[in-house]
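Only one structure is covered here, and it is reproduced in the block below.
The values are calculated or read from the model by the stated rules, or taken from the named source; none is laboratory data. Remember, it's a predicted structure, so these values are computed and weren't measured experimentally. Cβ sites come from the backbone with ideal geometry, for glycine too, and all protein chains shown count toward neighbours. Surface areas here come from the heavy atoms of the whole protein model, side chains and all, with no ligands, DNA or RNA. Shrake-Rupley method; radii C 1.70, N 1.55, O 1.52, S 1.80 Å.
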Amino acid sequence: MTKLENISVQKFYDGIKKLFKNGEELLEESELLASNGKYARAYFLSHLAIEEFSKISILFELLIEKKLKNDIEFAEFNFSFKDHISKLRISIDSEIAFMRMMKDELGYKWIDNLIESIEKEYSQIETKNELKKESLYVSIKNNEFQSPTDVFDKKSFDNIRQLTFMKQKIYKRLFNGIDEDSIEQMVKLIKEEK
């Protein structure tokens, strides 16, 4: 597999677009499955969409670091790009960053309560990753075999669908239109703050 350190900065912009498009396609395909009563697999694809959207944050951060010419620990970025737990953590980080940005922009104090609620998701990362596996594979619970269709119904799909749509909107707001000029402006602001 090609490592992130071997990819040119220019290709990162294309990567961000492709990740967003693929996340949207996973979400669309999950809707098709759900409309046919295939809630377990629809849950699985929605979960994968969340992971795919989170990889946008990884590329964005790496892009900024490269533009700042900072020393970069590529092993960490390469690991996060593939690791499911890391992607779920990054997804929560991005959501919190977005909410803080909204609070700064709008000044609403109730956003603090929303941030606290989102922070509780960190303790559920392992469980969410296990649920993803259970939506695809037969598993064993309480000394019984359970198929994905035993566990996942319309309600469980609706819960993750709502979360995935929210994350899609957040990533669209944060990263839509990211180009070389906008990155250069951010890098300039970061340098000025130092």
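Quick look at the values:
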{"read-out": "Arg41 accessible area, assembled protein chains, probe 1.4 Å, Å²", "value": "90 Å²"}
{"read-out": "Nearest-20 debye value, the stretch 70-194 charge dipole, Cβ charges on Lys, Arg, Asp, Glu", "value": "480 debye"}
{"read-out": "Cα lying deepest toward the dipole's positive end in the stretch 115-194, options Tyr171, Asn159, Ser139, charges on Cβ", "value": "Asn159"}
{"read-out": "222 nm mean residue ellipticity, helices alone, for the chain (DSSP H n ≥ 4; -39,500 (n - 2.57); rounded to 500)", "value": "-25500 deg cm²/dmol"}
{"read-out": "Check: the stretch 88-130 dipole with +1 on Lys, Arg Cβ and -1 on Asp, Glu Cβ, in debye", "value": "80 debye"}
{"read-out": "Solvent-accessible heavy-atom area per residue, rounded to whole Å², over the stretch 7-116 at 1.4 Å", "value": "52 Å²"}
{"read-out": "Tilt relative to the chain, helix 154-175 - C-alpha long axis, 0 to 90 degrees, to 10", "value": "10 degrees"}
{"read-out": "On Cα atoms only, tilt of 84-106 relative to the major axis of the chain in degrees", "value": "60 degrees"}
{"read-out": "Within the accessible area of the chain (1.4 Å probe), percent carbon and sulfur", "value": "51 percent"}
{"read-out": "Under Karplus coefficients 6.51, -1.76 and 1.60, residue-wise ³J(HN,Hα) of the stretch 183-190 in Hz, glycine/proline x", "value": "5, 4, 5, 5, 4, 4, 5, 4"}
{"read-out": "The chain: relative contact order as a whole-number percent, Cα under 8 Å and 6+ apart", "value": "29 percent"}
{"read-out": "C-alpha center-to-center spacing [the stretch 14-41, the stretch 124-194] in angstrom", "value": "12 Å"}
{"read-out": "Area accessible to solvent at Val9, 1.4 Å probe radius, in Å²", "value": "40 Å²"}
{"read-out": "Fully extended contour minus Cα-Cα distance, from Lys133 to Val9, at 0.36 nm per residue", "value": "41.2 nm"}
{"read-out": "Accessible area (Å², 1.4 Å probe, nearest 10) - Thr149", "value": "100 Å²"}
{"read-out": "log₁₀ of I(q)/I(0) at q = 0.12, 0.15, 0.20 Å⁻¹ - the stretch 53-133, Debye sum with one point per alpha carbon", "value": "-0.44, -0.66, -0.96"}
{"read-out": "Principal-axis tilt of helix 39-68 within the chain, Cα atoms, nearest 10 degrees", "value": "10 degrees"}
{"read-out": "Protection proxy ranking, peptides 100-113, 55-68, average beta carbon neighbours within 10 Å, highest first", "value": "55-68, 100-113"}
{"read-out": "Compactness of the stretch 10-55 as Cα Rg over 2.2 N^0.38 Å, two decimals", "value": "1.26"}
{"read-out": "Values of log10 I(q)/I(0), in the order q = 0.15, 0.16, 0.25 Å⁻¹, for the stretch 1-93 under a Debye, Cα-only, solvent-free model", "value": "-0.61, -0.68, -1.25"}
{"read-out": "Percent breakdown of C-alpha pair distances by 10 Å bin, ordered from the shortest bin, for the chain", "value": "8, 31, 34, 19, 6, 1"}
{"read-out": "The stretch 109-194, Cα convex hull volume normalised per residue, Å³", "value": "177 Å³"}
